[in-house]
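For reference, the structure is listed below as structure tokens.
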């Protein structure tokens, strides 16, 4: 088996859908009224949607670094494996060790470069390091020798990103060094697109990748697998899917920058950010709200206070520049985002009371606030929005596999 079957539910019993007003909270103790809901059935469905695009030829590697983009690495990895992914990708060794200690036994690739302080732990936990320099190869081989084991690695190539990885002028010497190191087996070769929407530069990177891969025996039977395509690449560049693709953002159901017309059929958002109203008050016209008194009521108004703020990863850049869903209506965020609170104008939202649900990301009724919308308003990208949501926001999981 490549995945756990007996992992514990976080913070109590698995939440199940319920007709009660707040089913998730009613089923769990010690959960603050602001929390992130993660739909694991959507993870599995999104992997099926990706498979529908790429067909049966290429394997899928799930990008679960940064706590699976803030969704929860262990739970998302288990769901992804349940849906048939062949490889889990993390950024640093500690992330892979977390998965191993949770009981996952699937292949795990550490995308970042190895270093001497953690390479022994990396190999001891059966993680595959990335090797992008001859020095990396020697470091891995020495650790494998100390541990008395074979090390499987993936070679990282720099085809035009300008970060980690072997440049074309280094690839040949790296391949020769790896051939000489009997402790190392090259299981894969990969690179990263700098900007997959730039077809001219991306075509250059694909050409570089193909040429450099030949140095490592790719393309022959039993040779290392090749993986290059990220979310945008796998949608736009079928010729670059090779033996494996690495979806990140689309695994979590949001668009990192591709033409929306390319959205795979059945792809859906995985994350919802919910918060219960903690206070409601009526203020008179002209009265200020929040730090800096940046907002003054243009009329007698009703204000809802939500106990979530920038300490939870909700961007301060959204001060006076976002909507929140209450009673299925868009309500403007007013004043500044505080460390632990935001204020929302609910004057036109009908009856609002303490304990009512607000949705900051996700759907309520016929309205939806997307990750893409929040990112655009905050002047950043969707990946940053989801990754910065703080651990103090509990993750509540729906759609756990029962098989």
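The values are calculated or read from the model by the stated rules, or taken from the named source; none is laboratory data. Just so we're clear, the structure is a prediction, and the values are computed from it rather than from any experiment. Quick reminder, even Gly has a Cβ in these numbers, built from the backbone with ideal geometry, and neighbours come from all protein chains shown.
For residues that are out of contact with any helix residue (DSSP H, G or I) (no Cβ under 6 Å at 6 or more places or on another chain) and not in a helix (DSSP H, G or I), scanning just region 128-147, find the one that is surrounded by the fewest Cβ atoms within 10 Å (Cβ to Cβ).
Among them, the one singled out is 133.
Being surrounded by 20 or more Cβ atoms within 10 Å (Cβ to Cβ) and either assigned to a helix (DSSP H, G or I) or not assigned by TED's automatic domain parsing to the domain that holds residue 394 (or both) is the filter here; which residues of region 275-310 pass it?
Within region 275-310, just 310 meets the criteria.
Residue 125 versus (1) surrounded by 15 or more Cβ atoms within 10 Å (Cβ to Cβ); (2) within 24 Å of residue 218 (Cα to Cα): which is the lone unmet condition?
Here residue 125 meets the rest and fails (2).
Given the criteria at pLDDT 95 or above, part of a helix (DSSP H, G or I), assigned by TED's automatic domain parsing to the domain that holds residue 69 and in contact with a helix residue (DSSP H, G or I) (Cβ under 6 Å, 6 or more places away or on another chain), does residue 206 qualify? Spell out how you get there, then give the answer.
Details: at pLDDT 95 or above: yes; part of a helix (DSSP H, G or I): yes; assigned by TED's automatic domain parsing to the domain that holds residue 69: yes; in contact with a helix residue (DSSP H, G or I) (Cβ under 6 Å, 6 or more places away or on another chain): yes.
So residue 206 passes the test.
Looking at region 133-160 only, could you name the residues that are within 24 Å of the chain's Cα centre (by Cα), in contact (Cβ under 8 Å) with a residue 40 or more places away in the chain and closer than 21 Å to residue 92 by Cα?
154, 155, 156, 157
What number goes with the only condition from (1) without any contact (Cβ under 8 Å) to a residue 40 or more places away in the chain; (2) touching a helix residue (DSSP H, G or I) at 6+ places or on another chain (Cβ under 7 Å) that residue 296 does not pass?
(2)
If you go through region 233-268, how many residues are touching a helix residue (DSSP H, G or I) at 6+ places or on another chain (Cβ under 7 Å) and in a loop (DSSP other than H, G, I, E, B)?
Within region 233-268, residues that are touching a helix residue (DSSP H, G or I) at 6+ places or on another chain (Cβ under 7 Å) and in a loop (DSSP other than H, G, I, E, B) number 15.
Can you tell me how many residues in region 101-120 are surrounded by fewer than 16 Cβ atoms within 10 Å (Cβ to Cβ) and either in a helix (DSSP H, G or I) or at positive phi (or both)?
Count: 3.
Determine which member of the set 377, 392 is touching a residue at least 60 places away in the same chain (Cβ under 8 Å), surrounded by fewer than 20 Cβ atoms within 10 Å (Cβ to Cβ) and not in a loop (DSSP other than H, G, I, E, B). So that I can check it myself, show each step before the final result.
Values: 392 fails: not in a loop (DSSP other than H, G, I, E, B).
Sole residue among the options that is touching a residue at least 60 places away in the same chain (Cβ under 8 Å), surrounded by fewer than 20 Cβ atoms within 10 Å (Cβ to Cβ) and not in a loop (DSSP other than H, G, I, E, B): 377.
Anything in region 162-193 that is in a loop (DSSP other than H, G, I, E, B) and crowded, with 16+ Cβ neighbours inside 10 Å? List them, or say none.
First, the residues of region 162-193 that are in a loop (DSSP other than H, G, I, E, B): 162-165, 167, 181-183, 191-193.
Hits for region 162-193 are 164, 165, 167, 181, 183, 191, 192, 193.
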